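The values are calculated or read from the model by the stated rules, or taken from the named source; none is laboratory data. Since this is a predicted model, take the numbers as computed values, not measurements. Cβ sites come from the backbone with ideal geometry, for glycine too, and all protein chains shown count toward neighbours.
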Amino acid sequence: MEELAIVTGKRKGAAATARFYPGNGKITVNKKPIKEYLKIDRLVYEARKPIERVNMHNKFDIHVIVRGGGISGQAEAILHSIAKGLVEINPEFKKPLKDAGYLKRDARIKERKKYGLRKARRGFQHSKR
């Protein structure tokens, strides 16, 4: 089977590498169907948004390897990688996907913990005693 594109998408601590093949619309994540891997319907819907935006429902099989982060960050990393792959396959998809905001890397990550504090900004609870 001939690969059409290999692209990487990221979000928070998650990184997803998507491989596109000619096929009938199956998406597998870490060798499981996307619904079985993500479990939450909202996240599956989010990850499929770029495909629906450009009406490419049954054109490609997409195999995704995702590592790091939590389930929500992984879903958004999958969305990012699928959007980038669609643009690589057909540059005409760039405008609708860019307008929807799917090609932009969301750079927000967790802020590091500072010394003398409990978390990044939260201090320890004060007590008069």
Could you list, ordered by first residue, the pairs with Cβ atoms under 7 Å in which the first is in the range 8-34 and at positive phi and the second is small (Gly, Ala, Ser), at least 6 apart or interchain?
LYS12/GLY69; LYS12/GLY73
Going through the range 1-54 one residue at a time, which ones are farther than 16 Å from ARG67 by Cα, in a helix (DSSP H, G or I) and of a type in the set (Val, Ile, Thr)?
VAL44, ILE51
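Here's the yes/no breakdown for (1) aliphatic (A, V, I, L, M); (2) farther than 20 Å from LYS10 by Cα; (3) surrounded by fewer than 18 Cβ atoms within 10 Å (Cβ to Cβ); (4) at pLDDT 95 or above:
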| residue | (1), (2), (3), (4) |
| --- | --- |
| ARG48 | no, no, no, no |
| PHE60 | no, yes, no, no |
| ARG67 | no, no, yes, yes |
| ILE78 | yes, no, no, yes |
| GLU88 | no, no, yes, no |
| GLU92 | no, yes, yes, no |
| ASP99 | no, no, yes, no |
| LYS104 | no, no, yes, no |
| ILE109 | yes, no, yes, no |
All conditions in (1) loosely packed, with under 13 Cβ neighbours inside 10 Å; (2) under 18 Å from LEU97 (Cα atoms) are true of LYS31 except (2)
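Here's the yes/no breakdown for (1) without any contact (Cβ under 8 Å) to a residue 24 or more places away in the chain; (2) part of a loop (DSSP other than H, G, I, E, B):
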| residue | (1), (2) |
| --- | --- |
| HIS57 | no, yes |
| ILE62 | no, no |
| ILE65 | no, no |
| HIS80 | no, no |
| LYS84 | no, no |
| LYS98 | yes, no |
| TYR102 | no, yes |
| ASP106 | no, yes |
| LYS113 | yes, yes |
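Might you check whether a residue that is under 19 Å from ALA15 (Cβ atoms) and acidic (Asp, Glu) occurs anywhere in the range 35-43?
Of all residues in the range 35-43, those under 19 Å from ALA15 (Cβ atoms) come to 37-38, 43.
Remaining after also requiring acidic (Asp, Glu): none.
Looking through the range 35-43, none of the residues is under 19 Å from ALA15 (Cβ atoms) and acidic (Asp, Glu).
ARG122 - would you say it is loosely packed, with under 11 Cβ neighbours inside 10 Å, more than 18 Å from LYS12 (Cβ to Cβ) and modelled with pLDDT of 95 or more?
Working: loosely packed, with under 11 Cβ neighbours inside 10 Å: yes; more than 18 Å from LYS12 (Cβ to Cβ): yes; modelled with pLDDT of 95 or more: yes.
Yes, satisfied.
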